[in-house]
Structure formats: structure tokens, C-alpha cells
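The values are calculated or read from the model by the stated rules, or taken from the named source; none is laboratory data. Since we're looking at a predicted model, the values are computed, not measured. Note that each Cβ is placed from the backbone with ideal geometry, even for glycine, and that neighbours are counted across all protein chains shown.
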Amino acid sequence: MITHRLALIAGVATALAVVPAAASAGAGQGRYTTIDVPGATATFAATVNDAGVVVGFYTDSHGTTRGFVNRRGVFTMVNDPHAGTAAGQGTFLDFINDQGVMVGYYVTKSGTFHGFIDRGGVLTTVNDPHAGTAEFQGTILSGINNSGVIAGDYIDARYVSHGFIDRRLAFTTVNHSHAGTAEGQGTGLGSINDHGVVSGTYFNSRGRPISFAGRPGAFTTVNDPAAPPFTTFAGAINDSGAIVGLYTDTNSVSRGFIDQSGVFTTLNDPNAGSASGQGTAAQDISNTGVIVGDYVDSSGTMHGFELSRSR
């Protein structure tokens, strides 16, 4: 996913709920519904599967992150027992497939990232063998398809990011050929669909982000034509090849987008703010066309959203 790759956010509440905002249909985009966790300082909707189950994470008043699952209004919380509980630490739930298998990562007390897979409430840690073990190093799981193939990235001991694909704990490193190799550079994968096509972003040798999609070794650049240079971030790709993500305009406002065969449509939640650091980010799209993501309102608060698109 996109936003927490750029800046980690956190979450908790003993009871979860979705609070529908005044849903609206604008510019033929469809119906937006806001997702808020009561008592949370920020709510992040990361992904939605074809059954309409939404997962993500949120931040509590202490800055701790907790994962959540929304099954048609019935909510559960996901906390990895190894996660730290201080501000900036906790559990980040990133993806759910159609079998209900979920992946994400947790941040320990020492600040290291570890991936996990959740099968029916049984959480198993997953670490790429090349990942570093210091603060701000480690493994992040960002997607899992219906065959159980996982996509993610790891940060090595030199603070360089590398994408990977995990097939039953057989890890294959995926680096974009133009990715930089210095600290803060490298490749990150955001999702993998049932055809083995991935989406992601790499940082080149000048530290500039460039998004891409495709099968490893045959990547195509993803760049919204409305975006200023180096401001497009691809989120996820579904089985039909539709890609969602965000770009940042000249006023530093985030704009969501959907890319369908190279045709880009801007997605803006009507409740999003329009000042610098505010706006809309699309994070995932199901095979049924439902989009989830987050927006920052005019007061600077982050909310999740679900967009059921017009047909």
C-alpha cells in the first residue's frame, strides 16, 4: 500500500464501527462512504476483497497501530502479539484475499519490521532472509493473491528497499532495473494479482519515485498525465489490470486515480480537504470494482473510505 510506506500511522479501540458519511455521487464516480474507527485519531482502509470485506489499520490516542477487519458491519481487531505498543509501533494489516487470508506487518519495540500472515486468526511471522534487523529495517508484506502468493518488500542492512515474491517461503527478490542502490532508494511492491502481475514504486539514483506495473522483468511505467513529474504512486492492481493510486498536485494536495488501460480518472472523496497535505489516496480495487483508500479532511484528520463505482 501507499501512504504508510511514506509515513507510518497507528491505531486502537475495543469496539470498531464504520460511520457512513453523507455518501455522494460526483462526476460519475459513484458512492463514497467514510470509514472511521470511534476514538481513533486516524483510520486507514487498505484493501477490499471480492466479498466486500475491508481491512486496514487505525491509530489510538497513544499513537499505537491496530489492524481491523470489517465484515459487512461486523468488526474485529487484529494485533500481532509480538508488536510494540508505543507510538509508531503496532500492527499494520495490509491485504485480504478472497479466502480470507490476510497479510501485513508489525513494528517491534526496537523499531524493526516483521511481516505476518493471518490464517483464521493464527498469525505466523514471515521474514525475508535478506532483511536487515535494525530499527527501520525488516520485512513488509503488502499483498497476497488467491493462490497464496505474497508480494512485499524488505529493507536491508544498508537501508535499501527490495521487492520480493514469496511462494510458500521461497523468496524471489524483485528489483526494478532502474532502481537506485543507495540508502533510501530501491524497489517496493504494493500488490500482486491472480495472474502474477505486480504493482509498485521504485526510487531511482536521484531518489525520485517512479511507479510501475507488470510481471517481473516486463514492467511498464505508471504515470498519471495530470500529475507533476515524480508524484504518481501506484497502489494495487486487480485481475483485469485496473490500477489505483494517488498523485500529488502542484499545491501538494493528494488526488486519487484509477488507471484503466492507460485511461486515468481522478478520484476525489467529497469530504477531503484541499490544502497542502490533504486530499484523497486510492489504495486498492477489487475485481468487482469497489475501491478503498483514505482521505485527509480540512482539519488534517485521516479517514478511510469505500467507493462503490457507478456502472
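Hey, which of the strands (runs of 3 or more DSSP E) in the stretch 32-139, taking only ones fully inside, have at least 3 residues that are among the β-branched types (Val, Ile, Thr)?
Numbers: elements: 42-48, 54-59, 65-71, 74-78, 90-96, 102-107, 113-119, 122-126.
Output list reads 42-48, 54-59, 74-78, 122-126.
Just give me the residues in the stretch 274-301 being among the β-branched types (Val, Ile, Thr) and either surrounded by fewer than 19 Cβ atoms within 10 Å (Cβ to Cβ) or over 23 Å from residue 227 (Cβ atoms) (or both), in sequence order.
Passing the criteria: 288, 290, 301.
Got a sec? Which of 297, 249, 259 is free of Cβ contacts under 8 Å to residues at least 40 places away in the same chain, under 26 Å from residue 197 (Cα atoms) and among the acidic types (Asp, Glu)?
259
Which residue, of 262, 304, 241, 245, is at pLDDT 95 or above, within 18 Å of the chain's Cα centre (by Cα) and surrounded by fewer than 19 Cβ atoms within 10 Å (Cβ to Cβ)? Show your work before the answer.
Values: 262 fails: within 18 Å of the chain's Cα centre (by Cα); 304 fails: surrounded by fewer than 19 Cβ atoms within 10 Å (Cβ to Cβ); 245 fails: surrounded by fewer than 19 Cβ atoms within 10 Å (Cβ to Cβ).
The unique qualifying residue is 241.
Scanning the stretch 151-195 for residues that are acidic (Asp, Glu) and within 25 Å of residue 285 (Cβ to Cβ), which turns out surrounded by the most Cβ atoms within 10 Å (Cβ to Cβ)?
153
So which residues in the stretch 218-231 are under 19 Å from residue 205 (Cβ atoms) and in contact (Cβ under 8 Å) with a residue 24 or more places away in the chain?
219
Out of curiosity, is residue 212 in a strand (DSSP E or B), modelled with pLDDT of 95 or more, aromatic (Phe, Trp, Tyr) and closer than 26 Å to residue 66 by Cα?
So residue 212 fails the test.
Within the stretch 226-238, restricting attention to residues that are buried (at least 23 other Cβ atoms within 10 Å of the Cβ) and small (Gly, Ala, Ser), which residue is farthest from residue 44 (Cα to Cα)?
234
Out of all the residues in the stretch 145-160, which are within 17 Å of residue 204 (Cα to Cα) and more than 16 Å from the chain's Cα centre (by Cα)?
If the condition is that a residue be within 17 Å of residue 204 (Cα to Cα) and more than 16 Å from the chain's Cα centre (by Cα), then 155, 156, 158, 159, 160 are the ones that fit.
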